[in-house]
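Trainee: Dropping a structure here in structure tokens format, bear with me for questions.
The values are calculated or read from the model by the stated rules, or taken from the named source; none is laboratory data. The structure displayed is predicted, hence computed values, not measured ones. Don't worry about glycine lacking a Cβ; one is built from the backbone with ideal geometry, like all the others, and counts go over all protein chains shown.
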């Protein structure tokens, strides 16, 4: 008997320029580029991950553009989503507030309890710019939303794999 391989539509959402595309690229290709080009509408990548020994899942990653002018398109991209990575930038406090709007929007469009992981990206910048976001506030928000908060750096790769694996395990649990 062959094992079941899950296929999950996973959206990566959040305000503009928080590092969504860079996180996906680091996760899928283990690469990082300082040359930034914003995502127009949506981009796609996929990766098969081992979420447990001998068990894997294919993630279809939807990188949804964060610019406000694409807001009307977003909801059509949410359809059929199994889980979400919701990203904000640890070096720009206003992106945490904006990220909450994204999460609220996606929960209204899909369902209240679908799997989510909140990512504070660009942790590599904290030593040079200092802490600009109250981590306790983020942690409390994640708990209130019944999810987990992970700090990552797409640049160094720190915790990127961990965040996507955590989401994968949550999606598998929901299917079981």
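Trainee: Report yes if residue 124 is more than 17 Å from residue 95 (Cβ to Cβ) and surrounded by 12 or more Cβ atoms within 10 Å (Cβ to Cβ), otherwise no.
Mentor: No, not satisfied.
Trainee: When you scan segment 103-143, how many residues do you find that are part of a loop (DSSP other than H, G, I, E, B) and either touching a residue at least 60 places away in the same chain (Cβ under 8 Å) or on the phi < 0 side of the Ramachandran plot (or both)?
Mentor: Result for segment 103-143: 11.
Trainee: For segment 1-19, which residues satisfy the criterion of being outside any loop (DSSP other than H, G, I, E, B) and either in contact with a helix residue (DSSP H, G or I) (Cβ under 9 Å, 6 or more places away or on another chain) or at pLDDT below 95 (or both)?
Mentor: 6, 8, 10, 11, 12, 13
Trainee: Tell me yes or no: at least one residue of segment 84-99 is closer than 19 Å to residue 7 by Cα and under 14 Å from the mean Cα position of the chain (by Cα).
Mentor: yes
Trainee: State the number of residues belonging to segment 98-112 that are touching a helix residue (DSSP H, G or I) at 6+ places or on another chain (Cβ under 8 Å) and within 21 Å of residue 164 (Cβ to Cβ).
Mentor: 2
Trainee: I'd like the full set of residues that are surrounded by 13 or more Cβ atoms within 10 Å (Cβ to Cβ) and either at pLDDT below 75 or outside any strand (DSSP E or B) (or both), limited to segment 58-72.
Mentor: Answer for segment 58-72, where residues must be surrounded by 13 or more Cβ atoms within 10 Å (Cβ to Cβ) and either at pLDDT below 75 or outside any strand (DSSP E or B) (or both): 65, 66, 67, 70, 71.
Trainee: Here are 154, 163: which of them is buried (at least 17 other Cβ atoms within 10 Å of the Cβ), part of a loop (DSSP other than H, G, I, E, B) and modelled with pLDDT of 95 or more?
Mentor: 154 is the lone residue from the list that is buried (at least 17 other Cβ atoms within 10 Å of the Cβ), part of a loop (DSSP other than H, G, I, E, B) and modelled with pLDDT of 95 or more.
Trainee: Moving on to the next point. Residues of segment 73-97 being under 23 Å from residue 164 (Cβ atoms), in a helix (DSSP H, G or I) and at pLDDT 95 or above, which ones?
Mentor: Hits for segment 73-97 are 95, 96.
Trainee: So, residue 38, is that one within 24 Å of residue 153 (Cβ to Cβ), without any contact (Cβ under 8 Å) to a residue 40 or more places away in the chain and not in a loop (DSSP other than H, G, I, E, B) or not?
Mentor: no
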